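Q: Submitted below is the structure of interest, expressed as structure tokens.
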Amino acid sequence: MDLVLVTLSFDATDPDRLAAVLAKYVVLSRHEPGCRNIDLCGSLTVPGRFVVIEKWETMDDLKAHGASAQLAAPRAVRLVGVGHQTASA
């Protein structure tokens, strides 16, 4: 079994709104096929910075998640100043 780890980092211009969107995303995504775990963390040192850490069974599960409706809301919200994503199999 492969394990795919994804880390997403966001610097928000509207932290309260982004936190609500990301919290909903995390809760909904945890029920998707292949999702091992998703956590949302807020930075203690950088106000408005959030990190989402995702673990997926396979790269195919991650790709299916990438095409899912759960990603529509975070894409639609223009609150992110900086973001990056890393994945490893």
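Q: When the residues of the stretch 1-40 are filtered to those that are of a type in the set (K, R) and more than 20 Å from T58 (Cβ to Cβ), which remaining residue is modelled with the lowest pLDDT?
A: R17
Q: Also, quick follow-up: Can you name every residue in the stretch 46-59 that is in a loop (DSSP other than H, G, I, E, B) and under 14 Å from S9 (Cα atoms)?
A: Once the filter is applied, which keeps residues that are in a loop (DSSP other than H, G, I, E, B) and under 14 Å from S9 (Cα atoms), the stretch 46-59 yields V46, P47, G48.
Q: Being small (G, A, S) and assigned to a loop (DSSP other than H, G, I, E, B) is the filter; apply it to the stretch 8-45 and report the residue that is surrounded by the fewest Cβ atoms within 10 Å (Cβ to Cβ).
A: S43
The values are calculated or read from the model by the stated rules, or taken from the named source; none is laboratory data. All values reported here derive from a predicted model rather than from experimental measurement. Reconstructed Cβ throughout: ideal geometry from the backbone, glycine too, with neighbour counts over all protein chains shown.
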